[in-house]
Amino acid sequence: SFQLADRTYQSLPSSVKIHSLAVPLPPFSWYAKLTPSNTLFVGRGAPASSAKVGTKSAASILQEHADCTFVIDQSAAQHLTRIKQPWLTGAIDWNEKMIRNAVCNMALSLQKPVLMLTNEDYNNFGLSDLLVMMGHSYDVNIRVFNDMRDTITGWPGGKPQEELPRHPERRYPVQKRVLIFSPHPDDDIISMGGTFIRLHEQGHEVHVGYQTSGNIAVSDEFVMRQIDFAVEFNSTFGIDMSRANSIWKNAKVFLKTKNSSPHLW
């Protein structure tokens, strides 16, 4: 039997099992079916296992079924407490990745730098187990900070003849195909020009994907005004005008015959 209740679940009742799958299932957010084996299949984008119980999401009613298994793909399950913050649901086996995720999640939630977290923060955030395992919060903070630091590199293609075991650099760079995404047609140079050059010099195949065309950044009229100014300036002060006139004529022809920039979506 099903019992309707106007309540919001922060996590699943202990009587309900959950399985995370790496493959997407059909999107049944609007549909619920109890199989003969008392198993409910809920697919990607269907938060039935933690949604507010009610008729708006039919599958959510099954939260209160006494014998029900939710089978949820990884994307749909990522915001469940036992997946996103498993340390809040009971004892877990801590590993390096779990420790890093927990501490960084706490720092983001508290809006504090990792190195400024205190024992009180760990206790209030449900991470007292880490203090029992590793001692003072300072020790945990330093460990996580160093782990995060060692994921950052200025040599994404490798650093020749260097042996840095804790860093992501490779001693012998292997030629790779690199794709750089640039929001505007200059951000790639402004933000990572040095890395751009280094990748090219190491022999990698480097491509840039501009996410906007840049065709409206500087209008044609503005360009011609600047060239006109240069021509007038040279004329006024008796400077050789041949170069400025040549640029003016070439720009005039180019702007008249150029193709419109394609729309980028």
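The values are calculated or read from the model by the stated rules, or taken from the named source; none is laboratory data. Source: prediction; values computed, not measured. All Cβ positions, even for glycine, are placed from backbone atoms using ideal geometry, and neighbour counts span all protein chains on display.
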Exercise for the section: Examine the stretch 210-220 for a residue that is part of a helix (DSSP H, G or I), in contact with a helix residue (DSSP H, G or I) (Cβ under 8 Å, 6 or more places away or on another chain) and surrounded by 13 or more Cβ atoms within 10 Å (Cβ to Cβ), and state whether such a residue exists. Expected result: yes
Exercise for the section: Pairs only if they're at least six apart or on different chains, beta carbon under 6 angstrom, first in the stretch 131-155 and within 18 Å of Asp93 (Cβ to Cβ), second among the β-branched types (Val, Ile, Thr); list them, first residue then second. Expected result: Met134/Val140; Val144/Val103; Val144/Val114
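When you go through Arg225, Arg149, Arg170, Arg177 one by one, which is the residue that is at pLDDT 80 or above and either buried (at least 16 other Cβ atoms within 10 Å of the Cβ) or in contact with a strand residue (DSSP E or B) (Cβ under 6 Å, 6 or more places away or on another chain) (or both)?
Numbers: Arg225 fails: either buried (at least 16 other Cβ atoms within 10 Å of the Cβ) or in contact with a strand residue (DSSP E or B) (Cβ under 6 Å, 6 or more places away or on another chain) (or both); Arg149 fails: either buried (at least 16 other Cβ atoms within 10 Å of the Cβ) or in contact with a strand residue (DSSP E or B) (Cβ under 6 Å, 6 or more places away or on another chain) (or both); Arg170 fails: at pLDDT 80 or above.
So the residue among Arg225, Arg149, Arg170, Arg177 that is at pLDDT 80 or above and either buried (at least 16 other Cβ atoms within 10 Å of the Cβ) or in contact with a strand residue (DSSP E or B) (Cβ under 6 Å, 6 or more places away or on another chain) (or both) is Arg177.
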Handout entry: Search result, residues across the stretch 62-73 that are at pLDDT below 70 and assigned to a helix (DSSP H, G or I)
Key = Leu62, Gln63
Problem - Check on Val132, surrounded by 15 or more Cβ atoms within 10 Å (Cβ to Cβ) and of a type in the set (A, V, I, L, M, F, W, C) - result: no
Problem - Residues satisfying the stated conditions in the stretch 78-126, i.e. surrounded by 15 or more Cβ atoms within 10 Å (Cβ to Cβ) and either touching a strand residue (DSSP E or B) at 6+ places or on another chain (Cβ under 9 Å) or assigned to a loop (DSSP other than H, G, I, E, B) (or both) - result: Leu80, Arg82, Ile83, Gln85, Thr89, Trp94, Leu117, Phe125
